[in-house]
Each structure stands twice: as C-alpha cells, then as structure tokens.
1. Using the 10 angstrom Cβ neighbour count as an exposure proxy, how do 26, 48 rank, fewest first?
2. Stretched out fully, how many nm does the piece from residue 137 to residue 61 gain, at 0.36 nm a residue minus the Cα gap?
3. Test of understanding: ordering 103, 45, 81 by Cβ neighbours within 10 Å, fewest first, what list do you get?
4. Return, for the Cα atoms of the chain, the radius of gyration and Dmax in Å, separated by a comma.
5. Using 1/(1 + (r/R0)^6) with R0 = 22 angstrom and r between the beta carbons of residue 80 and residue 122, what's the FRET efficiency to the nearest 0.05?
6. Once each part is reduced to its C-alpha centroid, what is the distance from the stretch 1-29 to the stretch 35-55 in angstrom?
7. What distance in nm lies between label points placed 7 Å from Cα along the C-beta direction at residue 114 and residue 40?
8. Treating the stretch 3-58 as a set of equal point scatterers at the Cα positions, no solvent, please give the Debye-formula log₁₀ I(q)/I(0) at q = 0.17, 0.20, 0.27, 0.30 Å⁻¹.
C-alpha cells in the first residue's frame, strides 16, 4: 500500500459520517486520538484556516496540506538544530570552512579546509565565504 492509499484509509477512518470531509468535531476527535487536546473552538479555527473551498469542512487534500505543512515546519526546526551544532564551533552565527571541517571530522569524514571552502562556495549565495542559515537550508534541501 503506498503512502497516499494509507493516508486515504486513515482519513476515511476519521471521517465518522462518511461524507468525505472532516468536520470540526471529527478533527477534534482525531487530534484527541494522537494524544493532543483541541477544543471545539480551536478545531473550528483550524478548519476555517485550512478549508480550501469554504464549506467549513476539511477535505482529504486539505488534511494532507495541513500534515505536509507541519512536516515542513519540523524539517526547518531540525535543520536549525543541525545548523546550530555547526555554527557554535566558531560562534559567529554562520558555518565557516573551519567549523564545517571540524564537524565533518566529528562525524568521521576527513576533509581539508580547502575542500570545505569548495563545498561552501557551491551554496554561498552572497559570496562571503561562509553559510548563513538560509544558504544552509538551500544546501540541505
């Protein structure tokens, strides 16, 4: 079973009345099943924000967009934590060739400073010889 089929199976399980849409109460129950609390008022606000066709209900596509949006936010937060590990070596708020070399060494990959300069140059949009978070983000995606 592929990911979309699995997602549709989960969606139909959550869609208690089988109308192909999730109402705020159905969303509230769904969130409760994963161990989180959501008041009916909060569920109504989520549905209102994510409802693409204005019918006051979440379609399967709406729900996928919500989940993918949350996953994207998690990815960015994870990247921020990794970036912080690299940049804390130098403490300058960016990844330098030296900090990249040191972190790669910690990870068991030996590189010279020159090799690290070349790696950084590929994604160094502003040409300052270091990577800020946005450049690091682009590199990782």
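1. On the way: 26 19, 48 11.
Going from sparsest to densest Cβ surroundings: 48, 26.
2. Working: separation 76, 0.36 × 76 = 27.36 nm, distance 2.67 nm.
Full-extension gain reported as 24.7 nm.
3. So the ranking, lowest neighbour count to highest, is 81, 45, 103.
4. Over the chain's Cα set, Rg and Dmax evaluate to 21.8, 62 Å.
5. Working: r = 21 Å, r/R0 = 0.95.
E(calc), rounded to 0.05, equals 0.55.
6. Going from one Cα centre to the other spans 14 Å.
7. Simple spin-label model gives 7.1 nm for this pair.
8. -0.53, -0.72, -1.14, -1.22
Every number here is computed from the coordinates shown, using simple stated rules; none is lab data. Since the model is a prediction, treat every value here as computed from it, not as a measurement. All Cβ positions, glycine included, derive from the backbone under ideal geometry; neighbour counts span all protein chains shown.
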